[in-house]
Structure formats: structure tokens, C-alpha cells
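All remarks here apply to the structure that follows.
The values are calculated or read from the model by the stated rules, or taken from the named source; none is laboratory data. This is a predicted model, so every value here is computed, not measured. When we count neighbours, we look across all protein chains shown, and the Cβ atoms used for this are built from the backbone with ideal geometry, even at glycine. Accessible surface areas use protein heavy atoms only, side chains included; no ligands, DNA or RNA. Shrake-Rupley method; radii C 1.70, N 1.55, O 1.52, S 1.80 Å.
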Amino acid sequence: MKKITLLLLTLTICSCQSQQEIDFKVGYLPNFNYSLTQKQISENNVLYIASDEIIENLKNNGYSNPTITKDTTVLRSVSKTGELNGNQFPLNIEVLESSNKSLGKGMRMHGNYVSESIKIDSISNSSMSDKSKKELLTSMETMMNQIKYPNRKIKVGESFEQKNPMSMPIADVTIEMEINSIYTLKKVENGVGYFDLDQVYTIKSATKDYKMELDGIGKGQIDFDIKKQFFTKFYLEMEMNLKTELEAFSIELQTKSITDQTTEIIKASR
């Protein structure tokens with residue numbers, strides 16, 4: 001009898017685990033502070049394949065072959081949301097630290113979160129011209145609204161897929177790429193959904209008709225706070241290899257990067 005009871009209990013537990021699911025909806029909530037810290041480490045290795053004359057000209061202009069560059073970028077910001085008014089609430093973003101010259105320390109963006117989309121109305125930065133502010137406003141608003149997540153229930157073991165565009169300038173060519181991201185919910189513990197992230201990068205088009213080959217993948221993990229409806233951790237390791245034949249020479253590019261991002265979310269004090 002005890003064995004039967006134990007067996008039934010085990011089956012019940014397994015059944016409950018297999019039915020485990022979360023309400024997946026990503027977005028800002030009113031009256032919260034979102035403190036973001038992001039660090040990205042990247043390494044690019046560019047090999048030029050050309051005649052001795054072209055290689056020599058590259059060297060004379062300060063290019064080594066291969067050209068290896070390493071870079072670390074840092075961004076810290078705080079996003080503060082206000083009181084809900086109808087279908088919107090205020091959203092103000094302040095840059096606390098940045099290695100990106102376009103996003104200087106102390107810069108502020110003011111706007112609203114309207115029907116699950118970010119609308120930036122103005123940028124406060126005394127060192128920027130009105131034209132630069134307008135251009136940055138447009139690009140930031142586009143970037144922050146580019147990724148749209150599904151709004152539905154997701155079970156443990158279930159995946160969903162997203163496709164997003166990406167542009168990469170190389171020499172006099174701009175390559176339009178597509179990032180195919182697959183998110184898989186691995187487990188749910190203590191109000192957090194833990195996702196695995198797998199990415200594949202492919203070429204869609206280029207500004208010039210050159211022969212190109214590309215393969216690239218990304219692997220990472222994401223922590224999702226179910227109650228606060230926001231990612232608290234994003235970690236991604238990416239590697240991409242590109243070969244392109246230009247008019248005078250060929251380029252082989254290998255790029256690797258690690259992105260490590262955390263977001264602390266606390267209720268705004270009144």
C-alpha cells in the first residue's frame with residue numbers, strides 16, 4: 001500500500017511539473033525604478049586577402065594584417081516610471097555611465113510608455129545640438145521598440161521564436177542581416193522563469209552585389225521576473241564568421257562578443 005501511495009505521489013509531482021507554466025508578458029510597469037548594468041566584451045579579427053601591393057598600402061595606412069581589435073563597453077542607466085493614466089505612464093531614463101559617446105553620462109530621455117511601446121518626447125543634454133538630439137531620439141526610440149515579445153502562457157520545455165534585423169557596415173558595404181532567436185523555458189523557481197537563448201545569424205542583403213558567406217551563432221541565458229514582467233538577467237556569447245569578396249580584395253572577418261546585462265527592479269518611493 002505504501003509503495004502504491006508513493007508511486008501515485010511521484011506521478012502526481014511529475015504531472016504537476018510537466019504542467020508548470022508562466023504568464024509571459026514583457027514590459028515596463030508604472031511606479032518602478034529599473035537600474036540597468038550592461039557590459040559587453042568584443043573581439044574582431046579581420047584578415048585581408050589581396051595582392052602584395054594592396055597589402056603594402058594597407059600597412060602604410062596603419063592597417064596590420066590581420067587586424068585584431070578588442071573592446072569593452074559599459075552602460076549603466078536608471079529608468080523611472082510614473083503613475084498610470086489611461087493606457088500610458090511617464091518613462092524617464094538617465095544615463096549614469098557610458099563608454100558610448102552618443103550616450104554621455106548625465107543624459108536624460110523623457111517620454112511615455114504607451115500601449116506597451118516606448119515614446120521618447122525629448123532628450124536633455126547640454127553638449128548636443130538640436131539636430132543631434134533629434135537623430136538620437138529617433139534611433140533610440142526605434143531600437144527600444146524593435147524587439148516585441150509574445151504575450152501568452154508558456155510551459156516549461158516550450159520554445160518561441162523571433163526574427164529581428166541587424167545592420168553591419170564593412171568597408172563600403174552595409175550588410176543587412178537577420179537574427180533568428182529561439183527562447184526555451186527551462187525551469188521556474190521562486191517566481192523566476194529561466195530561459196535558454198539560441199541564435200542564428202544569416203545575410204538578407206547588402207548595399208552592393210558582392211559574394212558573401214556568413215555563419216554565426218549565439219548562446220545565452222535569460223532570467224525573467226514573472227511578477228514584475230521584466231528580464232533581470234541577460235547573458236549572451238556570440239560568434240560570427242564572414243567572408244566577402246570586394247572589388248579589389250577579399251575580407252575574412254571573425255567576431256566574438258560576450259554581453260552581460262542585469263536589471264534591478266524596485267518599487268518607486270512616494
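Output the number of the condition that ILE203 fails; it satisfies all remaining conditions of (1) open to solvent by 20 Å² or more (accessible area, probe 1.4 Å); (2) over 17 Å from GLY218 (Cα atoms); (3) not aromatic (Phe, Trp, Tyr).
Failing condition for ILE203: (2).
Mind checking which residues of the range 126-145 are at pLDDT 85 or above and among the polar types (S, T, N, Q)?
Those that are at pLDDT 85 or above and among the polar types (S, T, N, Q): SER129, SER132, THR138, SER139, THR142, ASN145.
Quick check: anything in the range 199-216 more than 27 Å from VAL46 (Cβ to Cβ) and outside any strand (DSSP E or B)?
No, that holds for no residue.
Filter the range 158-193 down to the residues that are within 18 Å of GLN221 (Cβ to Cβ) and open to solvent by 70 Å² or more (accessible area, probe 1.4 Å) and list them by number.
GLU161, LYS186, LYS187, GLU189, ASN190
Whether any residue in the range 178-187 is in a loop (DSSP other than H, G, I, E, B) and farther than 29 Å from VAL46 by Cβ is what I want to check.
No: the range 178-187 contains no residue that is in a loop (DSSP other than H, G, I, E, B) and farther than 29 Å from VAL46 by Cβ.
Can you find, within the range 41-53, the residue that is farthest from THR263 (Cα to Cα) among those that are open to solvent by 70 Å² or more (accessible area, probe 1.4 Å) and assigned to a strand (DSSP E or B)?
Among those that are open to solvent by 70 Å² or more (accessible area, probe 1.4 Å) and assigned to a strand (DSSP E or B), it is ILE49.
I need every pair where a residue in the range 42-70 that is without any contact (Cβ under 8 Å) to a residue 24 or more places away in the chain and among the aliphatic types (A, V, I, L, M) has its Cβ under 8 Å from the Cβ of a residue that is surrounded by 15 or more Cβ atoms within 10 Å (Cβ to Cβ) and in a strand (DSSP E or B), sequence separation at least 6 or different chains.
The qualifying pairs are ILE55/TYR48; LEU58/TYR48.
Which residues, taken from the range 105-120, are of a type outside the set (Val, Ile, Thr) and either touching a residue at least 40 places away in the same chain (Cβ under 8 Å) or open to solvent by 20 Å² or more (accessible area, probe 1.4 Å) (or both)?
Across the range 105-120, the qualifying residues are LYS105, GLY106, ARG108, HIS110, ASN112, TYR113, SER115, GLU116, SER117, LYS119.
Being open to solvent by 50 Å² or more (accessible area, probe 1.4 Å), without any contact (Cβ under 8 Å) to a residue 40 or more places away in the chain and under 30 Å from TYR63 (Cβ atoms) is the filter here; which residues of the range 230-270 pass it?
Of everything in the range 230-270, those that are open to solvent by 50 Å² or more (accessible area, probe 1.4 Å), without any contact (Cβ under 8 Å) to a residue 40 or more places away in the chain and under 30 Å from TYR63 (Cβ atoms) turn out to be GLU237, GLU239, LYS243, GLU245, GLU247.
Please go through the range 128-157 and give me each residue that is aliphatic (A, V, I, L, M), open to solvent by less than 90 Å² (accessible area, probe 1.4 Å) and in a helix (DSSP H, G or I), ordered by number.
LEU136, LEU137, MET140, MET144, listed by residue number.
Table: residues versus (1) among the charged types (D, E, K, R); (2) in contact with a Phe, Trp or Tyr (Cβ under 7 Å, 6 or more places away or on another chain); (3) open to solvent by less than 50 Å² (accessible area, probe 1.4 Å); (4) not in a loop (DSSP other than H, G, I, E, B).
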| site | (1), (2), (3), (4) |
| --- | --- |
| VAL26 | no, yes, yes, no |
| PRO30 | no, yes, yes, no |
| THR37 | no, no, no, yes |
| ILE55 | no, yes, yes, yes |
| LYS59 | yes, no, no, yes |
| SER64 | no, no, no, no |
| ARG76 | yes, no, no, yes |
| LYS101 | yes, no, no, no |
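From (1) more than 30 Å from GLU53 (Cβ to Cβ); (2) open to solvent by less than 60 Å² (accessible area, probe 1.4 Å), pick out the condition that doesn't hold for ASN92.
(2)
Just to be sure before I move on: is GLY216 within 30 Å of ILE175 (Cβ to Cβ) and of a type in the set (Gly, Ala, Ser) in the structure I sent?
So GLY216 passes the test.
Show the residue pairs meeting these rules: Cβ distance below 6 Å; 6+ apart or different chains; first residue within the range 146-172 and modelled with pLDDT under 95; second residue among the basic types (Lys, Arg).
Final answer for the pair search is ASN151/LYS25.
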